[in-house]
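The structure appears below as structure tokens.
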Amino acid sequence: MASNSAEQVVRDFVARVKPEAPALELDTPLYADGVGLDSLEAAELSATLEDELGSDPFTSDEMPQTLRDILAFYAEVAVEA
Amino acid sequence: MIELLRRVAGEDPGRAAIVTHEHTIGYAELLACAERAAREIRGQGVTRFAVVDHEAAPVVALLAAAAATGAQVCLYPPAEPAEIAELLQRFDHGLVVTPRDDIHAPRRVRPEEWLDGDLDPVEDPAHPTARPHMVLTTGTTGAPRGVLHDWTRLLRSTGRIAPEPGHRWLLAYGLHQFAGLQILLHVFASGATLVAPAPRRPREGLRAIRELGVTHASATPTFWRFLLAEMRADGGPVPRLQQITLGGEAIPGPLLEDLRRTFPDARISQVYAASEFGSTGSMRDGRSGLSAEVLDAADDADVAMKIVDGELWVRSRTGMLGYYGEPPIEPDAWRPTGDLVELQGDRILFLGRSSEIINVGGVKVHPLLIEERVAAVDGVDVARVYGRANPMTGQIVALEVVPAPGADTAAIESAIRSACADLPSAARPRNIRFVETVDLAGSKIVRRSR
């Protein structure tokens, strides 16, 4: 459930911030040659995820590189809960 | 303080000194209360005491009595009992004057014990040499501090205030705030009338303005923003104010414009003051910021200013003597204000408090400039910009918005993003939340990071 919500939050965010980005696949890089988020946009995504879902994958040891990483973080949070 | 009451009471004893929806008290009656309290203070050998009371008349009488006797009085905020207990301990107050039964102190006196009763012949001994007063800071950045003043210094600038018996000033500040004290000094120095609604919020302030004949009102920009929003929401008549004064926070240009449009007959002025250095006078040209002429004050001026590394410094001969419990300071020395400014042409513009700077990945962002833009967006009643902790950049710019009643928040959010699109990337709000109200301390927006 959390993963579905997380996916929607990320997709809505990318659609607003990077409307020109290529279609977002699970393994599309979030930065540089992929979606192209810069550090401030990544910071914004981090705050958005925390507000919407109560936890933030960007606070984990490894910064998420793809949508799949973000979904994995929330899947793990759901298991721990 | 008491000398101001004595002067007006001598000229026109029945003139209204303080008006509320429930009561009117004249100058002579108020002075009699103060003289009685002064007699009690002298008679009991009281040297310092705290007051917890939101009613203006007893508070003014107690202030005047303290000023007459040399006892140090400190007005507390209208806080919960636990907070009052902390303040009593922090500031070593063993005696508190209050009508509240939920406050516990080694000694508690009800205001009427000192203020009421048959009036004995007025004692009028010479003023004591030292007439201490203590004002608490709002404590937005830590525990409150006790700012030590002296009545003689505080009253120094009131000699220039012209008599204006017909003016009715709204009390929109807490009496425990330094700005509240400034209003009292101005009102009683000019022989005017204080209109003191309770509580001192924009809604009650607007009602008092409309119903109690207020002609002059001084408040923070945040208070004025909320008052304008209240007025638009209730659709009631626009009062015909003669004077609008703003102070306590940097004043956004769009707010000045809004006030000018709403109150076309009112003169609009700004005051720059703080608990520590007192008032520096007022600007009446209706423009944001201060005239750069303030930087050219003569060496013997009561107040002088200079800019040091982007921060405004003040030297005031009406300012504080130090903080309670700390070593005394050199009272007439230059002091940093904590206000960051920029000199643009003939104007000193305020960028914000040094404590409010948002550090976004090493880039320093001033919240006021962003707030000003956001507040100008249609449908935004109040905006608050602050730093929000973030694992990527340390902080990001976060924004809380109080929307106008019935406004479309999605449309507002889109308009805010457009309004901020040309700001440097670090300064654009990265987090926007719609809220019913924003954190306030003393009618000022709290912008500390979290």
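Quick notes on this structure:
- Segment B:341-357: number of residues that are open to solvent by less than 50 Å² (accessible area, probe 1.4 Å) and at pLDDT below 90: 6
- Taking first residues from segment B:264-277 that are in contact (Cβ under 8 Å) with a residue 24 or more places away in the chain and partners that are among the charged types (D, E, K, R), the Cβ contacts under 7 Å between residues at least 6 apart in sequence or on separate chains come to B:D265/B:R240; B:R267/B:R284; B:I268/B:R260; B:S269/B:R284; B:E276/B:R335; B:F277/B:R335.
- Some residue of segment B:359-368 being away from chain A (no Cβ under 14 Å), in a strand (DSSP E or B), buried (at least 16 other Cβ atoms within 10 Å of the Cβ) and more than 24 Å from the chain's Cα centre (by Cα): no
- Flag if B:T409 is open to solvent by 30 Å² or more (accessible area, probe 1.4 Å), polar (S, T, N, Q), over 30 Å from B:G180 (Cα atoms) and away from chain A (no Cβ under 14 Å): yes
- Residues (closer than 22 Å to B:G387 by Cβ, assigned to a helix (DSSP H, G or I) and more than 7 Å from chain B (Cβ to nearest Cβ)) located in segment A:54-71: A:P57
- Of the residues examined, A:V79 is not one that is surrounded by 14 or more Cβ atoms within 10 Å (Cβ to Cβ) and more than 19 Å from B:G361 (Cα to Cα).
- Flag not set for B:A383, criterion: more than 30 Å from B:F277 (Cα to Cα), open to solvent by less than 60 Å² (accessible area, probe 1.4 Å) and away from chain A (no Cβ under 14 Å).
- Which numbered condition A:Q8 fails, given (1) surrounded by 15 or more Cβ atoms within 10 Å (Cβ to Cβ); (2) more than 14 Å from chain B (Cβ to nearest Cβ): (1)
- Options A:E44, A:E50; residue that is open to solvent by 50 Å² or more (accessible area, probe 1.4 Å) and under 11 Å from the mean Cα position of the chain (by Cα): A:E50
- Segment A:55-68: number of residues that are modelled with pLDDT of 90 or more and open to solvent by 60 Å² or more (accessible area, probe 1.4 Å): 2
- Within segment B:4-45, tally of residues that are open to solvent by 20 Å² or more (accessible area, probe 1.4 Å) and farther than 20 Å from B:A198 by Cβ: 17
- Of all residues in segment B:237-248, those that are open to solvent by 30 Å² or more (accessible area, probe 1.4 Å) and modelled with pLDDT under 90 total 1.
- Any hit, segment B:187-205, residues being small (G, A, S), touching an Asp or Glu at 6+ places or on another chain (Cβ under 8 Å) and without any contact (Cβ under 8 Å) to a residue 40 or more places away in the chain: yes
- Test: residue in segment B:217-227 that is of a type in the set (S, T, N, Q) and touching a residue at least 60 places away in the same chain (Cβ under 8 Å): yes
- Residues being within 11 Å of chain A (Cβ to nearest Cβ) and open to solvent by less than 60 Å² (accessible area, probe 1.4 Å) - total across segment B:412-423: 1
- Residue check for B:A333: surrounded by fewer than 16 Cβ atoms within 10 Å (Cβ to Cβ), free of Cβ contacts under 8 Å to residues at least 24 places away in the same chain and not in a strand (DSSP E or B): yes
- Members of segment B:237-254 found to be more than 25 Å from B:M305 (Cβ to Cβ) and part of a loop (DSSP other than H, G, I, E, B), listed by number: B:P237, B:V238, B:P239, B:R240, B:L241, B:Q242
- Residue within segment B:82-103 that is under 23 Å from B:T138 (Cα atoms), within 20 Å of the chain's Cα centre (by Cα) and surrounded by fewer than 16 Cβ atoms within 10 Å (Cβ to Cβ) present: no
- Lone qualifier among B:A426, B:A398 - being assigned to a strand (DSSP E or B), within 9 Å of chain A (Cβ to nearest Cβ) and among the small types (G, A, S): B:A398
- Reported count of residues in segment B:394-415, each being more than 16 Å from B:V365 (Cβ to Cβ), touching a residue at least 12 places away in the same chain (Cβ under 8 Å) and among the hydrophobic types (A, V, I, L, M, F, W, C), is 7.
- Residues of segment A:11-40 that are within 14 Å of chain B (Cβ to nearest Cβ), under 11 Å from the mean Cα position of the chain (by Cα) and either surrounded by 18 or more Cβ atoms within 10 Å (Cβ to Cβ) or on the phi > 0 side of the Ramachandran plot (or both): A:F13, A:L30, A:L37.
The values are calculated or read from the model by the stated rules, or taken from the named source; none is laboratory data. Computed from a predicted model, the values in this text were never measured in an experiment. Here Cβ is always computed from backbone atoms with ideal geometry, including for glycine, and neighbour counts include all displayed protein chains. The area values use the complete protein model at the heavy-atom level, side chains included, leaving out ligands, DNA and RNA. Shrake-Rupley method; radii C 1.70, N 1.55, O 1.52, S 1.80 Å.
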